[in-house]
1. Label-point separation (nm) for Met357 and Lys257, each offset 7 Å from Cα along Cα-to-Cβ?
2. Applying 1/(1 + (r/R0)^6) with R0 = 30 Å to the Cβ-Cβ distance of Ala87 and Glu336, what FRET efficiency is obtained, to the nearest 0.05?
3. First compute the accessible area of the chain with a 1.4 Å probe, then give the percent of it belonging to carbon and sulfur atoms.
4. About its Cα centre, what dipole magnitude does region 261-414 give when the only charges are +1 on Lys and Arg Cβ and -1 on Asp and Glu Cβ, stated in debye to the nearest 20?
5. How big is the gap, in Å, between the Cα center of region 213-267 and the Cα center of region 115-194?
6. Ranking request for peptides 326-336, 271-281, 44-54: highest mean number of other beta-carbon atoms within 10 Å first, then the rest in descending order.
7. Using a 10 Å cut-off on Cβ atoms, rank the peptides 487-497, 83-93 from the highest mean neighbour count down.
8. For region 337-443, rounded, prolate or oblate, judged on the Cα gyration tensor with a ≥ b ≥ c (square roots of eigenvalues), a/c < 1.5 rounded, else prolate if a/b > b/c?
Amino acid sequence: MAGRLLNVSSVATALVATSGVYLYTKQLDPNDLSLVRFGRAAAATAVISYDYLTAFRNVEPGSDEYSALKSKVHLRSAERLRSLCCANRGTFIKVGQHLGALDYLLPGEYTSTLRVLHSRAPQSSMDQIQQVIREDLGKEMSELFVSFEETPQGAASLAQVHRAVLHDGRIVAVKVQHPKVQSQSSKDILVMEVLVRAVHWLFPDFAFMWLVEEAKKNMPLELDFLNEGRNAEKVAKMLAHFSFLKVPQIHWDLSTKRILTMEFAEGGQVNDRDYMRRHGINVNKISEDLGKMYSEMIFVHGFVHCDPHPGNVLVRVCPHSKKTHIVLLDHGLYQELQPGFRLDYCRLWQALITSDMPAVERCSRRLGAGELFPLFACMLTARSWNSVNTGITSTPVTQSEDVEIRTNVSQYLPQISELLNRVPRQMLLLLKTNDLLRGIEAALQTRAASSSFLNMSRCCVRALARHRRSKASSRTRRLRISVGEVLGLWRLGLYEVYLQVKGHPMARWLWALLGCLG
């Protein structure tokens, strides 16, 4: 098998070298050719696979030497994968970013190495940007804008954003798609599908076809900026009751499938504690508001922004009102949850929060987890099975528990892959969203705060009550459901007050004094 891999690697290298000579004579960009992109990807896949096949030949499984070697192989393979993503750019970087967000699903060597792809995205030249604007808007840049900053505010895998000023003086952000991404994306996904199938043939425990399927479904949506604009307007209207949320307004007259012009919004990234300290922003309030916003999206409305990495969530102090805002950007990737799925997900989280283990098993099985429901509960909560049983709201997160989970990831990788292929496709983006939000909470040092679980509970209570009311056949029944909803929310409010009083320094001092007197 190792010899077969060497042959594949040699053929891939020859293809790249031959293509290089051809491109040199024609003065073309190598990245424009699918042959070059496929050859590069095939070579990297062959080298990584060969490394895993041969590295452990003379090492005893389960030994300290084996664990240390496995970590080294993971790291150098992740670095090769990162290099491939940076070389092929576009869709490859997008998928690499997705992998980098899968904490607790992939070994830490992969997630930490691939996470840097959020800051290593390619940048298009101004000539290319002007060409896209000219083709899509039918005018020269100078006719549309008084000024247009050449240095982008940020460059992502599919596009980059420039600050510009309109003729009426308004400042806007102009998101322009990299010119070649559209034509390359479908071919790149096909390449990934072929290579993932090849790796699965070599390593039957490797079952990541779900990732390719998600890319197939979501990439066309993310490449349509008009769809992104519609999503932005929908979520702004849906969450208008949250005064802390700011969604930039879309300028439809200057937007196309490849260009999105919107209100310019400044701020610091949501995981930047130093920025918040300098601007007097309450870290705990930001974490709580972020949890409220996402609980509302997931449990109540079933319309979920699925890419909340720190670059897409900004915080700022409004210069006029002096209130703190969360600015939500990049609305290309949303998941619309089916009503039945959303309600089962509500019931599952209620069971997890209240440590109702029979309900945890029942709801997990309804969502496709089967006998792997303990693993499913651990993946959703990022807690150990012992903590899930004891109660995730009452058991604090410890460093040793995090280490335990990360250590077990590689051990349970076959079961994780099987589970991800079992659950509904909607669950995959929710798992990614959960991991990204947990990463933000970890950076803010607010992870597993009781307020986040209380806000989730409130949303679950409201969502389930609304569903039961819609099915009720009499006014009396609907009234009973509404009263039960009010009582449930009231109990949660009382419990929140109790936790606040309990955590107050004066209360701790009083309890200590009473203990001494007793």
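The values are calculated or read from the model by the stated rules, or taken from the named source; none is laboratory data. Note that the structure is a prediction, hence the values are computed from the model and not measured. Counting neighbours? That spans all protein chains shown, and the Cβs are built from the backbone with ideal geometry, glycine included. These area figures cover heavy atoms from the full protein model, side chains too; ligands, DNA and RNA do not enter into them. Shrake-Rupley method; radii C 1.70, N 1.55, O 1.52, S 1.80 Å.
1. The two pseudo-label positions are separated by 5.4 nm.
2. Numbers: r = 35 Å, r/R0 = 1.15.
Once the sixth-power term is evaluated, E becomes 0.30.
3. Numbers: 13860 of 25080 Å².
Roughly 55 percent of what the probe reaches on the chain is carbon or sulfur.
4. On the way: 15 positive and 17 negative charges, 71 e Å.
Taking the Cα centre of region 261-414 as origin, the dipole is about 340 debye.
5. Cα centres, region 213-267 to region 115-194: 15 Å.
6. Details: 326-336: 21.5, 271-281: 14.5, 44-54: 19.2.
Top to bottom by mean Cβ count within 10 Å: 326-336, 44-54, 271-281.
7. Details: 487-497: 13.0, 83-93: 21.0.
Per-residue Cβ counts within 10 Å, averaged per peptide and sorted highest first, yield 83-93, 487-497.
8. On the way: a/c = 1.41, a/b = 1.24, b/c = 1.14.
Because its axes are fairly even, with a/c under 1.5, region 337-443 counts as rounded.
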